[in-house]
Amino acid sequence: MATTEQDISYRSIGDIKLSGRLYHPDKNGPVPYVVDVHGGAWRNGDRMNNQVIHQQFAAAGIGVFALDFRLSTQAPYPGPVQDANYGVRWFKKNASSIGANVSIVGGLGSSSGGQQMGLIALQPNNPSYVVDEPSLADTDASIAFFIGCWPILDPLARYQMAQETGKERLVEAHNIYFADEDQMALGNPYMVIDRGDATHMPPSAIIQGELDDNVDHFRADMFAEIYKEAGGSIEVYKYAGQPHTFAAKNPDDPSAKDAIAKLIAFILEQGG
């Protein structure tokens, strides 16, 4: 299926201008769209991180709006979550004016972006994450579904794992993004559910490699278990021998192809 791509500015904060990459599938009628928040330990990467996934989505008739947001060196938590929340609201409000024929809007967060989009999925109206913007006052950040790709859904547990295993790069990334462990518990999708603080629980899917040295792969199972206990619907797809970011780094690998196919099927199912 033919697709088009374009970059669109969605927010300015002082001298910082944030853009999103819009992927339009060439298909008649409304289609599901995914707002993507990339990974990179909160301090690296950009809206192009998951381009290979976005292009496959678009070819299958799924639109994407992939966000840039302030990195942790520009704004620590909760600033980047606020940007992502704003980005979801902005896209929902402006979709038709930028040529996106939308049926539903879901969210995808990969790696550290899973923490950000996970919080939006569970708490779209949390005042800590909702920026006061008059033009968006009538639009919230609720999403129709949530996808986590190798996501950091319990940043406190990941921080402790990084300390115990001597992964100083990850320890440093946490310390730049979060002020302390209390913030890691506050901005923590797993613990949001455990505390009973989730206000929304959209249908969800997680892709996770079992050879991931960036996050303990069993954290995806733990998140799914508590999600189901709280009444949510979620599927976890695990891949033996696959490392962190496998589906984006090695798209021709059979496991990557299977993972993307499962996500496409999941999204199209949500979109009716």
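The values are calculated or read from the model by the stated rules, or taken from the named source; none is laboratory data. All of these numbers come straight from a predicted model, not from anything done at the bench. When we count neighbours, we look across all protein chains shown, and the Cβ atoms used for this are built from the backbone with ideal geometry, even at glycine.
Criterion applied to 26, 68, 83, 46 was being closer than 27 Å to residue 135 by Cβ and surrounded by fewer than 18 Cβ atoms within 10 Å (Cβ to Cβ), and the one residue passing it is 46. Taking region 161-194 as the range and being β-branched (Val, Ile, Thr), without any contact (Cβ under 8 Å) to a residue 60 or more places away in the chain and part of a helix (DSSP H, G or I) as the test, only 171 passes. Would you call residue 116 under 24 Å from residue 7 (Cα atoms) and under 15 Å from the mean Cα position of the chain (by Cα)? Against the criterion (under 24 Å from residue 7 (Cα atoms) and under 15 Å from the mean Cα position of the chain (by Cα)), residue 116 qualifies. Selection of region 115-135 for residues being hydrophobic (A, V, I, L, M, F, W, C) and more than 18 Å from residue 104 (Cα to Cα) yields 119, 130, 131. Of the residues making up region 86-105, those that are of a type in the set (Gly, Ala, Ser), more than 14 Å from the chain's Cα centre (by Cα) and buried (at least 23 other Cβ atoms within 10 Å of the Cβ) number 0. When the helices (runs of 4 or more DSSP H) confined to region 30-132 are screened for residues that are farther than 19 Å from residue 155 by Cβ, those reaching at least 3 such residues are found at 51-59, 79-94.
Here's the yes/no breakdown for (1) surrounded by 15 or more Cβ atoms within 10 Å (Cβ to Cβ); (2) polar (S, T, N, Q); (3) closer than 20 Å to residue 210 by Cβ; (4) at pLDDT below 95:
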position	(1), (2), (3), (4)
118	yes, no, no, no
126	yes, yes, no, no
138	no, no, no, no
145	yes, no, no, no
150	yes, no, yes, no
153	yes, no, yes, no
164	no, no, yes, no
167	yes, no, yes, no
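Of all residues in region 88-112, those that are at positive phi have Cβ atoms under 8 Å from Cβ atoms of residues that are hydroxyl-bearing (Ser, Thr, Tyr) and not in a strand (DSSP E or B), 6 or more apart or on another chain, in 111/245. Condition test on residue 266, is it buried (at least 16 other Cβ atoms within 10 Å of the Cβ) and either of a type in the set (Phe, Trp, Tyr) or modelled with pLDDT under 95 (or both)? Considered against the rule, which asks whether it is buried (at least 16 other Cβ atoms within 10 Å of the Cβ) and either of a type in the set (Phe, Trp, Tyr) or modelled with pLDDT under 95 (or both), residue 266 comes out as yes.
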